[in-house]
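Worksheet: one structure, shown below.
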Amino acid sequence: MVEMQPSSENSISDDEPLQQFIEQWLVEASPDLADAARYAAIPHHFDVTLLSLLRGTAEHTQSLVDKLQKAGFVFPVESEKFGLLPTIRDFLLRDWHRNNQQTYRRLSSQAATYYQNRDPFNEADQMEVLYHQLGADDKQGIAYLSPLFEWAWNGRLLGRAEQLLRIANEQKPVLDPAAQAWLLYFQARLDAAYHRSAQSAKTLNALLDQPLSPTLKAQVLVNLGNVQIQRQRWTVALAKYEEALDLFLEMNDSLGARLVCEARGNAYIHLASKLGGLPETPTIPLSRFQKWLHYFLHLPFLLYRWFSRRITFLPNLYFGTDYQDWVIIRLLYEAIRQFEQASTHLEKLPTAHHSAAAELSADIQIRLADLYHRVGDWARADRLFHRISNAPAVKTNEYRRAVLQLGEGRAALGRSQSTLAREKLQAAHEVFLRYGDQSAVVVTTRLLGDRQMADGDPDAAVSFYLESIEAALTANDLLALTRVWSMLTALQTEGMLSKSTKDRVNALAKKIDRRVYIARFPGLLLQRFRKLAAYVVLPLTYLLGPILIVQFAFLFNILESIYQTMRVSSLTGVIELITGLIFILILVSFTLWLYEFCYVIAGWFFVRRLPFKYVAKHQPKYVVVTSEGIAVRDEQDSLQELGWNHVKGFTSLNRALWNKSLPLFSRLLLYSDKHVFLLDGIIHSYDFMHRDIKQRLKEANSSLKMLCLDYSLFASRWTLPVLGLTFLVMIVDLTGLFDPQMEPNLMGIKLRDGNTHDLLFSSILYLFTLWAFNFFPLTGLGRLLINRLVAQRSSGKQFALGFNWPLWLAFIFLLLWTLNWILGMAA
């Protein structure tokens, strides 16, 4: 018996010398020692018991191990456990795979049984079972791998999932094409989890070109859809989901159908998020006057929303004056429907799958509860939160419990339960940090900051906002970063921060060079929204407003007449006059209520008829602002860039009701010799983007001419004079100031015949309404048309405003109508 020992690393560094060396050693060594070396190559590590099992006998096993160790082929791993040198093991494994694969599979099966009989919950032993199960039988190996991978995936243990695939890929030489396809599928999912979407899509598309089992093909289609969602190609993704669902239904696979429904639900949530999501709660606390004004102007809608959130049977209508938010709400409702269907598919599973279904159901119920709360169905959300919190699948899974606590914390914050919100969000925050889920950290810390703002502690809120920004930088979520940064800037502008906090914000500002803004529905869809608001809602409000108010005035006239018969004095008193003025203020609020109601109804019908595929087809447009310049990624995923030094002109055309811009109608224009950037439809942080661009332009070129053609419908310099003119004309018309047959009197009308008649409030309301609905639209339209003409003249065709004949026709009609009234009054 010859025992040869490799004297140095150089002797086995090259493949050819290594092969010659081992072949010579196997020939010259004793048969038992040579076989022991071959058997030792099958497992990663071995002990005397396992090597005896593979040899078929325990005789001389210990002495053979000692001889292999003395020869330098074997090294100790830990107590009573050994391993073959990697280079030698690799050579011997190749020999097994090429020349004796049948025996290799039989021995792998024995090794798998050996490790299965040890501790089934030991992770290292599970890895060895997986390795040898794949070596023994392809189908059994994949069947063993799948639940282990899914368990690691659902628990966001991506490192564990990666380790499983690394072990499985070691058996690739003995696997058939079907098993190798499963490994490629799992690898593609990992690539997608690590945001390597291009590589994942390439792998999955390559798999679809191969003959696959129906189950694997459906799984590949679902995950290819998920990858397309990452790449914001929602139309393609929904088509993949539909194809996968057909395959699962043909196989009567309820678990697979659940997977598709859940993926589609997540797709709609992702689409809603990338389209800007619902408007956030204002971070800057409102003053007492602003709060009362807000309640006064939106009272009916706020009351209904309060009741609908707490009473289940009330229709959960979303009241808002932004059609784009209606689209978001509808997407969320469609996500709810998909998750409910997924839950129904889980209920169809046989009893044997109930344990796995319980965990999957818990994930779905958590998403449903959070979605119910976000769409305003608080009563149902609270019941579901309470029920799912006691589920064993939640109590035993730390990450799943953290996701639930995030939803509960968001719900508690919406109900102003500050203490409960802090407890839930803090607990979730700690778990997300441990798991490295930076996207969840972004949301959790922002909500914690909102909670501190609600408690009136802006300095404490800034600490959480800064952490949210840091997490957004890590996750490369520049859209979330920009939103939080705009909150911080607003707090700093309002002077609500202490000096030390300002220093922290300024220090972080140096790290935030890139900011991203989103145009939800650019192009044709945005134009439709604008036309709906300008040509449907406003005219409808203009027609219904006077009619309803005049009818109310007639009704009030009857009540006043009854009241007058009970009075002693024949003249209108001061109390009645003051009451009349108060009701005139209510008139203004009523008009705004009517406008909001018309807005809601028109938007509801429009969006309800809008196909989801049409929404998915119109991709959002992203505007990236850096210190060097601006870049716009349009719907076709093409990128256009413009450096600040190359900008030749800047024009802003902001539309506002009062002092807050209306993003639906506002737009910015930047142009150079070669490029023209028209930024419109920006929803979140539009005013912040406006200031951001102007500041960067001033820093780059202080002499650049900036043209601001802003328009505010209720600008005080116009609203107050028009209001005064309306009162003046109303008084003239009411008291007959120019009528020689009447003697004017603010407290009553005294005719020449000596009889005095009361000045009824109904008369004031009637005439004020008629004159107000003449003067306000007339001056508003006139100012708007002049603004458009100036913008068109200053910027040429770049604003694409053009001749708007409906506005001109409306203005001419109102002008002629008002002149007719004035001439009629004078006559």
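The values are calculated or read from the model by the stated rules, or taken from the named source; none is laboratory data. As the structure is a computational prediction, the values presented were derived from the model and not from experiment. Virtual Cβ from ideal backbone geometry, glycine too; neighbours counted across all protein chains shown.
Table for the structure above
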item: Qualifying residue in segment 365-375 (condition: out of contact with any helix residue (DSSP H, G or I) (no Cβ under 7 Å at 6 or more places or on another chain), part of a helix (DSSP H, G or I) and surrounded by fewer than 22 Cβ atoms within 10 Å (Cβ to Cβ)); result: no
item: Test result for Ser355, in a helix (DSSP H, G or I), at pLDDT below 85 and surrounded by fewer than 22 Cβ atoms within 10 Å (Cβ to Cβ); result: yes
item: Conditions (1) in contact (Cβ under 8 Å) with a residue 12 or more places away in the chain; (2) within 30 Å of Arg189 (Cβ to Cβ); (3) not in a helix (DSSP H, G or I); number of the one not met by Ala112; result: (3)
item: Lone qualifier among Leu107, Leu84, Leu134, Leu93 - being more than 39 Å from the chain's Cα centre (by Cα), in contact (Cβ under 8 Å) with a residue 24 or more places away in the chain, crowded, with 20+ Cβ neighbours inside 10 Å and under 26 Å from Tyr194 (Cβ atoms); result: Leu134
item: Residue selected from segment 601-634 under the condition at pLDDT 75 or above, of a type in the set (A, V, I, L, M) and within 21 Å of the chain's Cα centre (by Cα), by the criterion farthest from Asp692 (Cα to Cα); result: Val632
item: Which listed residue is touching a residue at least 12 places away in the same chain (Cβ under 8 Å), in a helix (DSSP H, G or I) and more than 23 Å from Phe385 (Cβ to Cβ), from Ala421, Ala461; result: Ala461
item: From the options Ala161, Ala206, residue that is touching a residue at least 24 places away in the same chain (Cβ under 8 Å), closer than 26 Å to Ala267 by Cβ, assigned to a helix (DSSP H, G or I) and of a type in the set (A, V, I, L, M); result: Ala161
item: Breaking point among (1) part of a helix (DSSP H, G or I); (2) in contact with a helix residue (DSSP H, G or I) (Cβ under 7 Å, 6 or more places away or on another chain); (3) over 22 Å from Leu767 (Cβ atoms); (4) of a type outside the set (S, T, N, Q), for Leu725; result: (3)
item: Subset of segment 69-81 (residues that are over 25 Å from Val129 (Cβ atoms) and surrounded by 13 or more Cβ atoms within 10 Å (Cβ to Cβ)); result: Gln69, Ala71, Gly72, Phe73
item: Any hit, segment 394-403, residues being within 18 Å of the chain's Cα centre (by Cα), free of Cβ contacts under 8 Å to residues at least 60 places away in the same chain, closer than 23 Å to Arg514 by Cα and in a helix (DSSP H, G or I); result: no
item: Any pair with Cβ under 7 angstrom, 6 or more apart, that starts in segment 31-51 at a residue that is more than 13 Å from Phe91 (Cβ to Cβ) and ends at one that is β-branched (Val, Ile, Thr) and surrounded by 16 or more Cβ atoms within 10 Å (Cβ to Cβ); result: Val48/Thr61; Val48/Val65; Leu51/Thr61; Leu51/Val65
item: So Leu332, is it under 19 Å from the mean Cα position of the chain (by Cα) and in a helix (DSSP H, G or I); result: yes
item: Filtered residues of segment 173-206 (kept if basic (Lys, Arg) and over 30 Å from the mean Cα position of the chain (by Cα)); result: none
item: Qualifying residue in segment 510-526 (condition: modelled with pLDDT of 80 or more, assigned to a helix (DSSP H, G or I) and within 14 Å of Tyr465 (Cβ to Cβ)); result: no
item: Some residue of segment 665-677 being of a type in the set (Lys, Arg) and in contact with an Asp or Glu (Cβ under 9 Å, 6 or more places away or on another chain); result: yes
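Table: residues versus (1) over 18 Å from the mean Cα position of the chain (by Cα); (2) over 26 Å from Phe186 (Cβ atoms); (3) surrounded by 15 or more Cβ atoms within 10 Å (Cβ to Cβ).
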site	(1), (2), (3)
Val220	yes, no, yes
Asn223	yes, no, yes
Gln232	no, no, yes
Asn252	yes, no, no
Gly265	no, no, yes
Ala272	no, yes, yes
Leu293	yes, yes, no
